[in-house]
Structure formats: C-alpha cells, structure tokens
1. Can you grab the distance from the C-alpha centre of the stretch 373-414 to the C-alpha centre of the stretch 101-153, Å, no decimals?
2. Provide the descending list of Cα extents for the chain along its principal axes, expressed in whole angstroms.
3. For the stretch 372-429, state the average projected area of the convex hull of the C-alpha atoms over all orientations, rounded to one decimal in nm².
4. Between Ala373 and Ser234, how many nm apart are label points set 7 Å from Cα along the C-beta direction?
5. At 7 Å along Cα-to-Cβ for each site, give me the label-to-label distance between Ile160 and Asp47 in nm.
6. Are there any trypsin sites (Lys or Arg not before Pro) in the stretch 264-335 that are in a DSSP loop and have at most 10 other Cβ atoms within 10 Å? List them by number.
7. Report relative contact order for the stretch 233-343 in percent, whole number only (criteria: Cα-Cα under 8 Å, sequence separation at least 6).
8. Can you give the extra length, in nm with one decimal, that the chain gains between Asp330 and Ala123 once fully stretched, where that is 0.36 nm per residue apart less the Cα-Cα distance?
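The values are calculated or read from the model by the stated rules, or taken from the named source; none is laboratory data. Only a predicted model underlies this, so the values are computations on that prediction, with no experimental measurement involved. Every residue, glycine as well, gets a Cβ built from its backbone with ideal geometry; the counts of neighbours run over all protein chains shown. Please note that ligands, DNA and RNA were not included when accessible areas were found on the heavy atoms of the full protein model with its side chains. Shrake-Rupley method; radii C 1.70, N 1.55, O 1.52, S 1.80 Å.
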Amino acid sequence: MTIRRAAILGGNRIPFARSNGPYAHASNQDMLTATLDGLVARFGLQDERMGEVVAGAVLKHSKDFNLTRESVLGSRLSPYTPAYDVQQACGSGLEAAILVANKIALGQIDCGIAGGTDTTSDAPIAVNEDLRAVLLEANRAKSLGGRLKALAGLRPTQLIPAIPANLEPRTGLSMGEHQAITGNEWGIGREAQDELAAASHRNLAAAYERGFMDDLVTGFLGLTRDQNLRPDSSVDKLAKLAPAFGKSLGDGATMTAGNSTPLSDGASAVLLASEEWAAAHKLPVLAYLVDAETAAVDYVHGDRRADGLLMAPVYALPRLLERNKLSLQDFDYYEIHEAFASTVLTTLAAWEDEEFCRTRLGLDGALGPIERAKLNVNGSSLAAGHPFAATGGRIVAGLAKQLHERGSGRGLISICAAGGQGVVAILEA
C-alpha cells in the first residue's frame, strides 16, 4: 500500500460570537451548515460527493445525535456524502482533521471536510435525574392507572432542569480554576499573561486589516469579524481587570476575563484531499497534514504541577518530534491554543524546564525555547473566541494559509482539551 500525502486546500468559518450575542438563537446545526455552505461556495463544491465530512460539537442536544450528517443534508454538498460526529472536547476539530487526513493517506477516500461547531448560547438543558426516572417509569407502565401512579410521585423540586456547566465532572472545577492552580504551580505571572493576550488581539486585528482573513471567514447573521476582537487592547487596559479564576490563591490569582478565553459560539471547516483530487479540481495545495499525536494526563490523582488539566500537549509533543526526527526549534510557526494565556505560558515553561523534561518527558534535557515572534502570528483564541469544537478547524486552515504565503515551511499545532487530553500536529508546505 502506498501512503499518500493529505493536502489542506483551504478552510472556512463563520465569525466567532460572544455567548448570548448575535448567534443566541442559532443552533449548532445552523452554524455548521452555514460554514459548510461557505466552503462549498469558496471551492466550487456544489453537489460534490465528498469522501466524508467529520465534525462534531462538545455541547449537543440529544436531537443532534447525527449533527454532522444533518448539517450535510442541509448544505449544498451532495446528499450522498457520508458524515459522522467526533468529540474530544477542544481537540475535536483537530482530531476530525486527523481522521480525514489518515483516510486520504491510506487511499480510502480522495477528499473530505473536517470541522466543528459549538454554542454556549443554545446549550442543552436536561431534566434532572429524579424527573427522568419518574418519566421513564411512567413510560414503562402498562396502563393509564400505572402511568398516573408513577407521575403522582413528582415533586416540584424535580422540575428544576439540569443546565450544563463548564466543570470537570471528576473534580467539580472549571477549566479556568484548574489552569489557575497549574499556572500558580509554574509561577506564571500576570504581566506575561496580559502581554500574550494583548499580542493575540493585535495580531488578529492586523490579519484582518491585511486581508488575511478574507478567504477564511464568511459573514453570518450580520457579523463579519470575530466579536471578541479588541484591536485597541493593551497591557495597561488588561492590567485593570480583576481576577476571574483562582481567587482562593490570593495574590496568586492572575487569570482575568481579559487573559482567558470567553465562552463563544461558532463553527469552522477545513477541506482536505489527495494531491490528485486537488489537481483534478484545479485547487492549489496550501499545506500538508504530516503527522499528529495525542496524550492524556492524570489530572485527578496526579501531581498538581506536572499533571495540570490542560498540560497533555506537553507530553504529546516529544513523541511527535521523535517520530519525525525534529526538534522544537525546527518550526517556522507555532499555533498553541490560547485556552488561557496561562496555558500557553505553562506549556512553554514546561518545554524549557530541564528537570521536567528529564523526569516527566523522559528526555535528555529541555526541549528549549521557541522564537516568540513565530507564536500565534495571526492571533488565536484569546482574540477570536473559543467555540470548543470549532477551534481546530480555525487553526488548521489559518496555519496552512500562513505556510502557503511563506512559500514553504513547517508549523506546529498544540491544542489542550478538557478531560486532561491534548492533540498536537505538524503541517508542512
């Protein structure tokens, strides 16, 4: 069997909106369908039968058990295009791209679309467990009397719905609270976080201004740019914000609403194909998805410093580098998902820490520093927003275009995810 290169031809997303903003009444399916149709329009895919479409959402209604397939059916793609959902928290979009790329590489499909969508505005609301038990008992009853007897056991408190919360089920802590602990263990300072957040806004604003986003974003519901973007953001302005996470740490509370990603709504998609399919459709190749690796940490029972909830990419990277015989410095661009500024800085600090790299990563020494000018050069989640499953598609499409503009080069993607998971990947042009 011949392994083929999986090419990235481009992407599309809708602007990301702050929670309960312009997309308050849009569903995951609405957003993913609009994103797919934007991709169809951009690449001439009307009625095209794709090898597959892989996407998903972290927050899903029970009715959305077949979310991606339903979105395909609502789009202008051929209805003969198969589709399925994936879910690996914030790593979902990148994991979807890896799945599509692997099938292309193996010759199982010639083209595919990977993406993701998420809304915190249209979050699912479930009945509480007591009410669910009563309703199921009533449904199982064989007679009207039996159903009435089951329903007679209802109490007013059982009518209170269960609204999903951004909490890890095994710890009861939010991602922000987890990262506050991790960042504090690593001594990540407030000023460094604010500097990184300001740079994210500055870089994304510049990307929009130079037209870089023109063929990556399609307007939706009146929004043409990411709503969270603050071109005039600065370290001085961010320094005035009060801590939002880790308040129990006292002076160690450094994470604010400014250096943390906001809850947001949006969707993204990436078009991948074999080189032969791209040539037949007269579509230029932007970059190739070369390889990827996933990892997980024991954030429940592990060491507070070494097993932080969002530190799994730190462990995934050495395996990816070793397999591809690369060093951390062999990249022209780095896309480290800005779940929080503290997450990015903790990740970099771990790779620069010689003892950590020896004892935890099994290396001879530190992976070392990176050139910060190569980090998130077109802004990232702190500025754009962070609809969980949509993040990977945004990053893959943007990095592929950045490499194509450069003419050649190599890019590294690092995305942390809830559940103590992480995904890293290499793109080359």
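1. A separation of 33 Å, based on Cα centres.
2. Between the extreme Cα coordinates on each principal axis of the chain lie 73, 59, 45 Å.
3. The orientation-averaged projected area of the Cα hull of the stretch 372-429 comes to 4.2 nm².
4. With each label point 7 Å from Cα toward Cβ, the separation is 2.4 nm.
5. Here the modelled spin labels are 5.6 nm apart.
6. Details: sites: Lys282, Arg304, Arg305, Arg319, Arg323, Lys325; in loops: Lys282, Arg304, Arg305, Lys325.
Answer by residue number: Lys282, Lys325.
7. Details: 69 pairs, mean separation 25.2, N = 111.
So the answer I get is 23 percent.
8. Working: separation 207, 0.36 × 207 = 74.52 nm, distance 4.10 nm.
The span from Asp330 to Ala123 would gain 70.4 nm if fully extended.
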